[in-house]
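Below: one structure, written as structure tokens.
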Amino acid sequence: TDQFNARLSARLQDVVALKGAHATLDASLDSLSRLNAIAGSSLPDTDPISLHAEVMGDEESSEGAATFKAKASSGSTTIELDGLLGNLKSVDDIKTSIIVASESLADLNQFVLQELPDDGPLSLSGTVRIKPGEYYLDDLQFKLAQQEANGNLKLQLAQSEGAVSTVTGKVEIPFLDLTPYLVYGGANKPAAEAVIGAEVEDKSNDGRTQKEDDTGGRKGEESDDLFEVASDRIFSTEPLPFDRLHLIDADFSLGADRLKIGKTALTDFKVTLTLKEGLLNIEPIEAGDGEGTLKGFIRLDARKEPAMFDVEITMEDMPTPRLGGGSDININLKGDGQTPAEIMGGLDGQILVVLRDGRLEHSFATELGTGLLSFSEEKDYTDLECGIIRMDIVDGLVDFDNKLAAQLTEVNWRGGGEINLKTEKLAFGIAPKPRTGLGISAGGFASLVYVAGTLKSPRIVLNPKDVAVKYGKYMAYVSTGGLSLVAESLINKFRANTDICAQILDGTVFDEDPEELLKAQAEAEARAADDAESASKTEIE
């Protein structure tokens, strides 16, 4: 046909017993997309594909047993099957070896419709066994250049109503580099930035485009918030299928001698997942990185309603995938509910993140929007000498008001805010301030970068009108009387700095000169008076 060419030849010694069957199929296809009409969907446009398959029946077998071989190829990629059919009549006992090979992982781009790294050669092999109610994947071997992984998996389906299915498996990784698969938002992704005073297009749920006026509200409507909050949400209100956790018992482990994720190189990484009678445990989670450690667990208990969610993760002296350097992260979260929205809306706990000696590349920094960073002509990066954020979470309200600070090569950040996980509204501000003695002008920085909207549709605003008055609590120049944000054990992990790094440690990072505070308040009051006068004149006119 116009779609493909095929030739099939077959013979059969005994039609009733299916003895002595022998069939050969040779086929070729210009591209998978040529089958769009047959498939009823859009298939990828691929290189030409060729297929050779052969089934050879056992002439002595009364059960119609047969061996089979198949090979498909496209470009440098080949897939080979070599197996045994226990019975041609029922086809319920199959055992086959699978071999996938390619000169480069990038050769698979045409099939997966995404950019994979040009790395290889690639080989994937294993043995599949299928019996009634049982599925096995044994001796799985994955190799990509110098990377390796191996493992096995077994699935036994429940044989009667009310019975439990079981899943067991194990994966061992001598070395694997996941860096090419990290999602950073993409270098071509525009910064999520909106400048007050400009009309910003926003797609509502019905797809119509509306405009925002200078106050962020819809034209002709009153709005108390800087931006109207979108109705769409990240956290679903649909009940999670917790009842299915009672129908499966699982025991699965993953271990890696070396696991590279960006600038993080984990060693002795171990994760074990168990599920029994509705209790899901991912414990332990542990790894090392030189002197650094990762420990923790994730637990979901669906034995009662509402289901209970519990997370505890501790990282010490671990570099982050994107920034490198060192980090100390403590996450302790608890929640309950039957939907993601209920769990997040009732979340309690704390998240503490301390970063030091990291590096922000210019390509990454532009994703933050302008007005926060400065880069010298000699360097395409800036150093993150230290930074901290502490989030205290009570009943779904994430409070980090005046609990965010960082010191970079050219600039300091101070700020904070809150996130309401029930409504998914967020509101926080970061005030950048050039470091003294470095010759950096304050003119290139925003006095305040304010983020509003929702988790799904955030809005980043530079120097917004009235923010100093309506959202003054997010200004950096607010004295809080000092905060003890970090434990004493973290003190000697910071570089010796005389600026914010030292202030983070002694709890005075958010203290400011009273003159600066009075100056900021006076400027805010003056802007408010000017706006009030302008509004009055407009009404008179």
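The values are calculated or read from the model by the stated rules, or taken from the named source; none is laboratory data. Being a predicted model, the structure only gives us computed values, none of them experimental. Using ideal geometry, Cβ is built from the backbone for each residue, glycine included, and neighbour counts are taken over all protein chains shown. Calculation scope for accessible area: heavy atoms of the full protein, side chains included, ligands and nucleic acids excluded. Shrake-Rupley method; radii C 1.70, N 1.55, O 1.52, S 1.80 Å.
The listed residues Ile282, Ile343 rank as Ile282, Ile343 when sorted by accessible area, largest first, using a 1.4 Å probe. In terms of its C-alpha gyration tensor, region 271-319 comes out oblate, because a/c is 1.5 or above while a/b does not outweigh b/c.
For region 314-325, putting each phi into the Karplus relation 6.51 cos²θ - 1.76 cosθ + 1.60 with θ = phi - 60° gives couplings of 10, 10, 10, 6, 10, x, 7, x, 9, 9, x, x Hz, in residue order, rounded to whole numbers and with x for Gly and Pro. The solvent-accessible area of Leu113, taken with every protein chain present and a 1.4 Å probe, is close to 130 Å². Projection of the Cα convex hull of region 38-147, averaged over all directions and equal to a quarter of that hull's surface, yields 9.2 nm². In this structure Arg322 has an accessible area near 60 Å², from a 1.4 Å probe over the protein heavy atoms. Applying both filters, DSSP loop and at most 13 other Cβ atoms within 10 Å, to the GluC sites (Glu not before Pro) of region 260-306 gives Glu277, Glu291.
Spatial offset of region 109-174 relative to region 317-336 amounts to 30 Å, using the alpha carbon center of each. Taking a Cβ cut-off of under 10 Å around Gly296, the surrounding Lys, Arg, Asp and Glu residues balance to a net charge of -2, with basic ones at +1 and acidic ones at -1.
What the Cα atoms of region 233-358 give is an Rg and a Dmax of 16.5, 48 Å.
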